[in-house]
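This report concerns only the one structure given below.
The values are calculated or read from the model by the stated rules, or taken from the named source; none is laboratory data. Nothing here was measured: the structure is a model prediction, and the numbers come from that model. Here the Cβ positions follow ideal geometry from the backbone for every residue, glycine too, while neighbour counts run over all protein chains shown. Areas reflect the complete protein model, heavy atoms only, side chains present, ligands, DNA and RNA absent. Shrake-Rupley method; radii C 1.70, N 1.55, O 1.52, S 1.80 Å.
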Amino acid sequence: MNKVYSKIESITGSVITVKAEGIRYGDLAEVDTVFGTSLAEVNRLAGDLVSLQVFAGGRGISTGDTVRFLGRPMQVAFSENLMGRVFSGSGTPRDNGPALTDNPIPIGGPSVNPANRIIPRNMIRTGIPMIDLFNTLVVSQKLPIFSVSGEPYNDLLARIAMQAEVDVIILGGMGLKYDDYLFFKDTLEEGGALSRTVMFVHTASDPTVECLMIPDMSLAVAEQFALQGKDVLVLLTDMTNFADAMKEISIIQEQVPSNRGYPGDLYSQLASRYEKAVDFESAGSITILGVTTMPGDDVTHPVPDNTGYITEGQYYLKNGRIEPFGSLSRLKQQVNGKTRADHRALMDGMIKLYSAFRDTLEKKAMGFIMTAWDDKLLKYGDLFEKKMMDLTVNIPLEKALDLGWEILSDCFSPEETGLRTELINQFWPKKD
Amino acid sequence: MIGTKGTVVAVNGNMVSVRFDGAVSMNEVGFVKLGDKKLKSEVIRIRGDISQLQVFEVTKGISVGDSVEYSGDMLAVEVGPGLLGQVYDGLQNPLPKLAAVAGNFLERGVYLDPLSVDISWAFTPVAKVGDTVERADTLGTVPEGAFTHRIMVPFNLYGTYTIASIKGAGSYTIRDTIAELKDEKGNTIPVTMSFRWPVKRPIDCFVERYKPTEPMVTRVRLIDTFFPVARGGTYCIPGPFGAGKTVLQQITSRYADIDIVILAACGERAGEVVETLKEFPELTDPKTGKSLMERTIIICNTSSMPVASREASVYTAVTLAEYYRQMGLNVLLLADSTSRWAQAMREMSGRLEEIPGEEAFPAYLESTIASFYERAGTVRLRDGSIGSVTIGGTVSPAGGNFEEPVTQATLKVVGAFHGLSRERSDARKFPAIHPLDSWSKYKGIIAAEKVGYAHGFMRRGSEVEQMMKVVGEEGTSIEDYVIYLKGDLIDSVYFQQNSFDAVDAAVSPDRQKHIFAILLHILASQFTFPDKNEARSWFNRLRQKFLDFNGSEWQSERFVSLQKEIESTVSAQSTGLDKAAEKVLA
């Protein structure tokens, strides 16, 4: 019963209202305009008034245009044919390939029962010491990369994608600059990863509403692959654009705004996406790495702030490096107890000393005389930044641990490190 | 009884407006019919013949005209034997059973019995026919794990009753009638071993409420020695994300000296919740030698579960805590995180289009937080036994700023404050509780004046450190420098604990007292050093020994020999005791 309605009562931004009956919350409709057909989603019911969000936006919609309800919520076609393909936020192909319609699956489904989850237990090796050694990435983890605009966050995301040992990569681009979209496509292609990648891309010039669909489509597809036993890595960039799209639409709909104009359910909205990260007991897994740009490098901004409380840690990208302070992998202790006996102690010990180095740096900047201890810290900090923090360093974890001990022994005596004697006896480099 | 019926007239997010016919009460539970499913909801506003319901599920698929059934009951939990060891969502749906029924995903509209109706419990009557009883009086007992579970007169039976009949010792399920009570009018009321209680009403079946005085040992040195928590008291742990709130809660839930622990994960990360879910059954309770899960109830709402369910979860948790308190047990409720609970309140308030208060939180935020924490307490029951509910809530202030409304409202009503600091967690200091910002109004395991003396070094040490930032190390006297080093020593060997180390992760009160005495002696000793480098390296060596000492098994050979080494290192360097400390040390 695809009834057609040809009287649009009101148009505000991308939201149109029609009088209709028997419509279900969350259903889809098609709106025919002179510019073509666009999908729209029911997002409010009040009596016989139905509000719809038009994916292509409200521009050019006429009160005389027709609305046809499809009687079902948003879906995405799922099959192996998705591999290597690129789609827009409304599910239409962005490449020149054919449209996919077989095996439609709903998006935005329920979350996994926590009782059926397994404890995260496998590390994802990246070859980046600031990740592997200090904040290990774990299968099924959800982690954002907190970053200021201008930082090479997409490069970092692409690099992790290339080096991470996974079966499928899903890239969800929200408000991407066209150049960035091409960068991802080229990088994955050059690295030979495109054939195991599916991309859902909303670019900055596409309609805002389509941006909202990207995470749900990416994650619905990821979930199907994971249920088939695949280990899937979902890259979402940039989640701040996603939140901003939500803000734009909720304000147009005259919702009471919460902090800084964002909708009151920002936390729930972000959470329902990030919580899709999972390791199934009898199937595959989903790991989510997202980019959250912080307006004005302000971590208290509602988007990074809410994100931080949802995700299992975060990588702070600052001055082209992953900052040891603020960066955190909450799940690292699930895996770093099994890597090497010195991993945990070295991880904490080196950061404690790096923190002392930062204090000394401050003292130095204020013009104080440096003590012998300060000099040691300065030497240490310099070595640490060059040999460990530089993002171009690409070494396996074990090499990074050895390198850590080497740096320590170059700068300090054993008891200055605060590390336990038994570890020092085992790992302190023997020099003549 | 057939309740009121209604029809959906509007849908906006998870709020549904329903036109009803008959009587509807505030906070009443209603079910929105969606095909063959019924979605649980709660009435949160009534205007004329329209009631607004907060649906505890995703509302996709609901249309105008769908029918709604009102239950006539407020949101309630079922209490009775079999609660311990369970993992529930905020609406008391047993999650592992749900997984068996519905599979990997949380399907909408599936509600299961919170308590097993198949298990037979070995009932022993305590009361006898003819006895006069009131609500919460014990009718009999059943063993539940390591505890004696009291089968009580349901708390919603106000007035006095005479026992008309009671079952003899034997095996019964929670659906079997175990006694019949006669009220003053001569009506007979059958009672079973379980009943329902509305979560938003505190259980008030006690004679007197006491001031919390007895310490609740957590085995975290910084808490037990410096900022203690009392049984029946309240405390809060605010901190920015990543400062270690969750790890601290996990450690407390394992080692706290308490009978029963209820964990309320309110909008928690599933990856962390699953750790608790899977690990608890494997861990042994240090007190009983049985699985830790046998004395634990987990209320688990991951952050992606519907907001209304999250809002309900802390009430579900505290109601279960109060229920076990009625058995004369000491119960600890750990709520993680109350900010997400407050956020859920904010979200619902926004949906209701209420005028927002500070930071868009509803105007009733403070009173709601206060009345939640007020449900803690040590009480004397009618039979003279004492039970307690201790509430520890974490707060996740936006941007780690303690000035925000949730932290401030919480600070007003709690007895201890364990403020976590970003600087300390950045420097990998665990626990990252800030020793200068935190406070406690409760009595700890070590005399206050000793603690005060030690704390003084931390404070003065920090002052010297600040001063050094202005005048430089060269501008600081060696006496001040030694104070700074002493402060640094307490910080690194007493305040900080190695959560990965089997020995150091949880420290018994005896051991805390023992090492505190050694440390106090070091603090009170006077040392003379030729220069600051010499002083620093001597303290470095001492710290090294102390760290090894902290990692050695209590009273093992290694423990004893390391203690001797520490003592001889100190006495070789010491030139006597600080006069002011003699009284404290005595």
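Of note:
- Inside the range B:84-107, residues that are of a type in the set (V, I, T) and more than 7 Å from chain A (Cβ to nearest Cβ) make up a count of 1.
- First in the range B:505-533 and of a type in the set (F, W, Y), second anywhere and open to solvent by 60 Å² or more (accessible area, probe 1.4 Å), Cβ under 7 Å, 6 or more apart: B:F527/B:T575
- Scanning the range B:539-586 for residues that are out of contact with any Lys or Arg (no Cβ under 9 Å at 6 or more places or on another chain), crowded, with 17+ Cβ neighbours inside 10 Å and within 14 Å of chain A (Cβ to nearest Cβ) yields B:N540, B:L542, B:R543, B:K545, B:F546, B:N550.
- From A:G97, A:G150, A:G127, residue being within 30 Å of A:L39 (Cβ to Cβ) and in the same structural domain as A:S268 (by the TED database): A:G97
- Counted residues, the range B:118-156 - those being open to solvent by less than 60 Å² (accessible area, probe 1.4 Å), outside any strand (DSSP E or B) and at pLDDT 95 or above: 9
- Cβ-Cβ under 6 Å pairs, at least 6 apart or on other chains, the range A:1-21 side at positive phi and outside the structural domain of A:P207 (by the TED database), far side surrounded by 12 or more Cβ atoms within 10 Å (Cβ to Cβ) and in a loop (DSSP other than H, G, I, E, B): A:G13/A:G58
- A:I131 farther than 15 Å from A:L233 by Cβ, aliphatic (A, V, I, L, M) and either open to solvent by 10 Å² or more (accessible area, probe 1.4 Å) or in a helix (DSSP H, G or I) (or both): no
- One residue alone among B:S388, B:S425, B:S396 is closer than 29 Å to A:F357 by Cβ and either in contact (Cβ under 8 Å) with a residue 12 or more places away in the chain or open to solvent by less than 10 Å² (accessible area, probe 1.4 Å) (or both), and that residue is B:S425.
- Any hit, the range A:5-26, residues being open to solvent by 60 Å² or more (accessible area, probe 1.4 Å), assigned to a loop (DSSP other than H, G, I, E, B) and among the β-branched types (V, I, T): no
- The range A:129-156: number of residues that are closer than 15 Å to A:T339 by Cβ and away from chain B (no Cβ under 14 Å): 3
- Scanning the range A:379-402 for residues that are part of a helix (DSSP H, G or I) and open to solvent by 30 Å² or more (accessible area, probe 1.4 Å) yields A:K379, A:D382, A:L383, A:E385, A:K386, A:K387, A:E398, A:K399, A:D402.
- Matching entry among B:I299, B:I262 (being over 26 Å from A:I288 (Cα atoms), touching a residue at least 40 places away in the same chain (Cβ under 8 Å) and either crowded, with 21+ Cβ neighbours inside 10 Å or small (G, A, S) (or both)): B:I262
- Residues of the range B:470-505 that turn out to be surrounded by 18 or more Cβ atoms within 10 Å (Cβ to Cβ) and in contact with an Asp or Glu (Cβ under 7 Å, 6 or more places away or on another chain), as a count: 2
- Residue match in the range A:335-352 (condition: among the hydroxyl-bearing types (S, T, Y), open to solvent by 30 Å² or more (accessible area, probe 1.4 Å) and touching a residue at least 24 places away in the same chain (Cβ under 8 Å)): yes
- Hey, A:V299 away from chain B (no Cβ under 12 Å) and buried (at least 19 other Cβ atoms within 10 Å of the Cβ) or not: no
- Yes/no for B:M468 being modelled with pLDDT under 95, over 30 Å from B:T410 (Cβ atoms) and part of a helix (DSSP H, G or I): yes
- B:G61 being within 29 Å of B:A102 (Cα to Cα), touching a residue at least 24 places away in the same chain (Cβ under 8 Å), not assigned by TED's automatic domain parsing to the domain that holds B:S309 and not in a strand (DSSP E or B): yes
- Of the numbered criteria (1) among the polar types (S, T, N, Q); (2) part of a strand (DSSP E or B); (3) crowded, with 20+ Cβ neighbours inside 10 Å; (4) modelled with pLDDT under 95, the one B:S71 fails is (3).
- Considered as a group, the residues in the range B:390-417 that are part of a loop (DSSP other than H, G, I, E, B) and touching a Phe, Trp or Tyr at 6+ places or on another chain (Cβ under 6 Å) include one that is nearest to B:M458 (Cα to Cα), and that residue is B:G415.
- If the condition is being in a helix (DSSP H, G or I) and open to solvent by 10 Å² or more (accessible area, probe 1.4 Å), then the range B:512-537 contributes B:K513, B:H514, B:A517, B:I518, B:H521, B:K532, B:N533, B:E534, B:R536, B:S537.
- Among the residues here, A:I160 does not qualify as within 22 Å of A:A99 (Cα to Cα) and buried (at least 19 other Cβ atoms within 10 Å of the Cβ).
- Within the range A:384-417, the only residue that satisfies the criterion of being touching a helix residue (DSSP H, G or I) at 6+ places or on another chain (Cβ under 6 Å) and over 26 Å from A:G337 (Cα atoms) is A:C411.
- When B:V314, B:V274, B:V318, B:V261 are screened for being at the interface with chain A (Cβ under 9 Å from one of its Cβ atoms) and either closer than 30 Å to B:L352 by Cα or of a type in the set (A, V, I, L, M) (or both), only B:V274 passes.
- First in the range A:364-378 and at the interface with chain B (Cβ under 9 Å from one of its Cβ atoms), second anywhere and open to solvent by 30 Å² or more (accessible area, probe 1.4 Å), Cβ under 6 Å, 6 or more apart: A:I369/B:E474; A:A372/B:N533
- Among (1) away from chain B (no Cβ under 13 Å); (2) free of Cβ contacts under 8 Å to residues at least 12 places away in the same chain - the single one A:N113 does not satisfy: (1)
- Filter pass, B:V101 being of a type in the set (V, I, T), assigned to a loop (DSSP other than H, G, I, E, B) and at pLDDT below 95: no
- Any chance B:K486 is modelled with pLDDT of 95 or more, farther than 16 Å from B:L562 by Cβ and in contact with a Leu (Cβ under 9 Å, 6 or more places away or on another chain): yes
- Residue check, B:S291 of a type in the set (G, A, S), touching a helix residue (DSSP H, G or I) at 6+ places or on another chain (Cβ under 6 Å) and farther than 30 Å from B:L115 by Cβ: no
- Residue within the range B:223-231 that is basic (K, R), over 28 Å from the mean Cα position of the chain (by Cα) and either within 30 Å of B:A517 (Cα to Cα) or in a strand (DSSP E or B) (or both) present: no
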